[in-house]
Structure formats: C-alpha cells, structure tokens
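Heads up, the thing below is written out as structure tokens.
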Amino acid sequence: MKDSKSFGNIEILEKSTKIVIVQDALVVTGGAERLTAALSQAFPDAPIYTSAFLPENTFKYFKSKEIHTLPGGKFIHNERQFKRLFPLWFLGFRHLDLSGYDVIISSSTYAAKYVKTPPGAIHICYIHSPFRFLWKRESYSTESLPYKKIAIRLIDWMLPSLQKIDRYYTNQITQLVTNSQNMAKFIQKVYQRDALVIYPPVNINKYRLSSEKKDYYLFVGRLLSYKRADLVIQVCKQMKRKLIIVGTGPEFESLKKLAGNETTFLGTISDDDLKKLYSEARGVIFPGVDDFGLVPVEAQASGCPVIAFCAGGALETVIENQTGVFFKAQTVDDLSAAIEQFEHIQFDPNIIRQNAMRFDTSIFIKNIKSLIAPSS
C-alpha cells in the first residue's frame, strides 16, 4: 500500500504523485515567470501548461522544459496582443484536460487559476494578486489598458458578473498561496479566504556586493502607470539627480517626453548588466505599490539601499533606516524629502544583503515542497 499524506479531505500519494504546473503566460521576464521557474526547479519532472510561450521574450530556463500552450497561443507575438485575448485564455484554461495529475500548482493573476481540478486531485494556486483589471482598475492609466474605450465601457457594464465569476472559480481552488501579508489581506477582502504566505524566490547568490559606488539612482520595472516611474523622473529632474531607468512598457514614449537630461532609459538589458547596476547604484527608488515587489529584494541582495513608497510588499522587505527609507505620499515633495533623508544615512551593504537572505530561492523551494511532500 502506498504511503499517503492528508491535505484537507484529500489524500495525496507521496511516492508517485503526478504534478503539473500551470502559468498564465510565458511572454515576458516578470516576477510571476521567475516564480514559475522556481516551481519547476522544485518539481523538475512536472510539465508546464500555459496560454502562450515566447521563448525569446521570457527566461531562457524555459527553453529546456516541457511546455504546452493553449490552441490560440501560437498566434501571439507580443504582450499587448496577448492581453487583449483574455476571454480566449479563460475558455482555454477551463477546457484544459489535466486528468491523470494528482496535484495542480498554478501561478496566476488572471487565467491559470481557472483550470478544472480532476476528481481526487488538489489545486494549489500561487495567486500573485486578484485580477487587477477586475478588482483594482484605478491602478491603470489609459495607456496601460489593453482595450479601447468602447470595450472598456462594455466590460464595466459586465463588471459585477465578471467579479462574480472570478469569485466562484477562485473559491473552487483547494489551497491559495500568495506573496505577502499585504496581498493576503487583499485576497481576504475580495474572496473571503485565507491565503498562506510564501515569499517569492530570489537567487541571492547570483547578486554581488561592489566596492565601487556611482552617483546615480536606479528605477527597475515595467513602465506601467501604477509603477509610478513618472514620479521618480519628475523628482530627479527637479533635484538634478542622475537617474537610470531599466524596463519597457506601454508608457515608455510618454515617460521619455517627461524626462530631462538627468534620466537615461536603457530598456531591456541582460541580467548581468542589471546586477552590476544594482551593486553600483547609490540607491534604488521604488515608488509604486506592488503586491510584493522583487526589485527591492534584488537591490538589497546587491547591498543597495532602497527608497520605497510606504505601502504594499515593500513594508515587509525593507527595514527603515537600516536597508532603506520610506516616503508616505506619492508626491514630489515627499519623495524629494525622502531622498534628502536617504543621502544623510550611512548604510552598511552587508547588513542590507543579510536582510535579503530571507527571500532566497532555497527557502521558497523548501516551503512550496512542504505543502505536498513529507518533511525530510
């Protein structure tokens, strides 16, 4: 008789458990995609199902993995095109046949969580956030939305029904996991469910301290309205501070028009170049509200202090006056004052890096495996 482990009312076979990983999409190099790569490291034999896969646009790691895409995925060539087809992905995941698997692990914000769980199986969903388009629309600017005004009006008319559908299918999931206490509170508010917090993975050993510090601030992230790169640009322009921006997105052109001579846009760069920028930066500015926010952790892994807006996941990753400083309002005056305060503090790169060790990939893998495997 095979050993088994109880999960709620369901028994999971421990010695022959068949696991599958499901991810919204693999079309960019973002935090959700990085987390899916860590899931795959934890369960290397598990195939990965996703809506669309653009090998050249996401992490190289996935090129060597068994990836299955939904039927419409082969027609996708970029992220914006992908986002417009959400109804297609919803239907695709709902009709995905995952029979034969004992455990489904989904990494999802909007679509992968809708998969059907086969009888006798369990579904563990690492939910990065309730679907922001349905539950926190105000965080997007017009430029960041993938739909035209007519489509938005139609969606707004249907919003109560769409939210009801989202709640219904989310509440079919066996276990919700999320990235921070901040997000667990939001999930409780939206779905009236508890979510287990397992912090996202960062491979701390890939980041290095540098003895050479340069006189620039760094912003890293997707150029979407809620990331508030515009605020950093305005402040650095006013204070005459050198700023380097890494990332692309729908607001790239409008932000370039806003910037002064102090700001340099690098777009997409290699991981090695980004690590060098982190380690040599005077500081990283993180002005938005992120569910968790990998950038402050990556910066701290490099011994780089952080200037962060006092909200969201940054409250759980940055220690005030030890690894960075906070500002309380997303205004030019508040961020300017935080930079002035920041520049009068002597930060210790070793203490900063030590704080980041809490979020190492090895800890993530141990915690995620403990959900479905016996402790060794």
**OP:** Hey, can you tell me all the residues within region 197-226 that are in contact with a helix residue (DSSP H, G or I) (Cβ under 8 Å, 6 or more places away or on another chain) and exposed (fewer than 15 other Cβ atoms within 10 Å of the Cβ)?
**Re:** K206, R208, L209, E212, K213, K214
**OP:** Those residues that are within 22 Å of the chain's Cα centre (by Cα) and not in a loop (DSSP other than H, G, I, E, B), I need them from region 69-86; list them, please.
**Re:** T69, G73, E79, R80, Q81, F82, K83, F86
**OP:** Could you please tell me which pairs satisfy a Cβ distance under 7 Å, a separation of 6+ or placement on different chains, a first residue in region 161-176 that is in the same structural domain as I122 (by TED's automatic domain parsing) and of a type in the set (V, I, T), and a second residue that is assigned to a helix (DSSP H, G or I) and buried (at least 16 other Cβ atoms within 10 Å of the Cβ)?
**Re:** T170/K113; T170/Y191; I173/K113
**OP:** Could you please tell me which pairs satisfy a Cβ distance under 6 Å, a separation of 6+ or placement on different chains, a first residue in region 107-119 that is under 13 Å from Y168 (Cα atoms), and a second residue that is at pLDDT 95 or above and of a type in the set (S, T, N, Q)?
**Re:** K113/S106
Subject >> Odd one out for M1, checked against (1) at pLDDT below 90; (2) in a strand (DSSP E or B) >> reply: (2)
Original post:
Just one of the numbered conditions (1) free of Cβ contacts under 8 Å to residues at least 24 places away in the same chain; (2) of a type in the set (G, A, S); (3) surrounded by 24 or more Cβ atoms within 10 Å (Cβ to Cβ) is not true of G288; which one?
Top reply: (1)
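How many residues does region 287-346 contain that are part of a helix (DSSP H, G or I), more than 25 Å from P200 (Cα to Cα) and either modelled with pLDDT under 95 or acidic (D, E) (or both)?
First pass over region 287-346, keeping only residues part of a helix (DSSP H, G or I): 294-301, 314-317, 332-342.
With the extra rule that they be more than 25 Å from P200 (Cα to Cα), the set shrinks to 332-342.
With the extra rule that they be either modelled with pLDDT under 95 or acidic (D, E) (or both), the set shrinks to 333-334, 340.
Residues that pass the stated criteria total 3.
Suppose we filter region 87-97 for residues that are part of a loop (DSSP other than H, G, I, E, B) and among the hydrophobic types (A, V, I, L, M, F, W, C); how many remain?
Result for region 87-97: 1.
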**OP:** Output the qualifying pairs, or none if there are none: Cβ atoms under 7 angstrom, residues six or more apart or on different chains, first residue in region 40-51 and closer than 13 Å to V103 by Cα, second residue in a loop (DSSP other than H, G, I, E, B) and among the charged types (D, E, K, R).
**Re:** P47/E66; I48/K65; I48/E66
Subject >> Where L176 falls short, out of the listed (1) crowded, with 21+ Cβ neighbours inside 10 Å; (2) within 27 Å of F342 (Cβ to Cβ); (3) of a type outside the set (V, I, T) >> reply: (2)
Subject >> Selection within region 318-361 - surrounded by 18 or more Cβ atoms within 10 Å (Cβ to Cβ) and in contact (Cβ under 8 Å) with a residue 60 or more places away in the chain >> reply: L335, I339, P349, R353, A356, F359, D360, T361
**OP:** Looking at (1) crowded, with 16+ Cβ neighbours inside 10 Å; (2) assigned by TED's automatic domain parsing to the domain that holds P296; (3) touching a Pro at 6+ places or on another chain (Cβ under 7 Å), find the lone condition where F186 falls short.
**Re:** (2)
Original post:
How many residues does region 227-261 contain that are on the phi < 0 side of the Ramachandran plot, buried (at least 19 other Cβ atoms within 10 Å of the Cβ) and of a type in the set (K, R)?
Top reply: 2
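The values are calculated or read from the model by the stated rules, or taken from the named source; none is laboratory data. Please read all numbers here as calculations on a predicted model, not as lab measurements. So basically every Cβ, Gly included, is an ideal-geometry build from the backbone, and we count neighbours across all protein chains shown.
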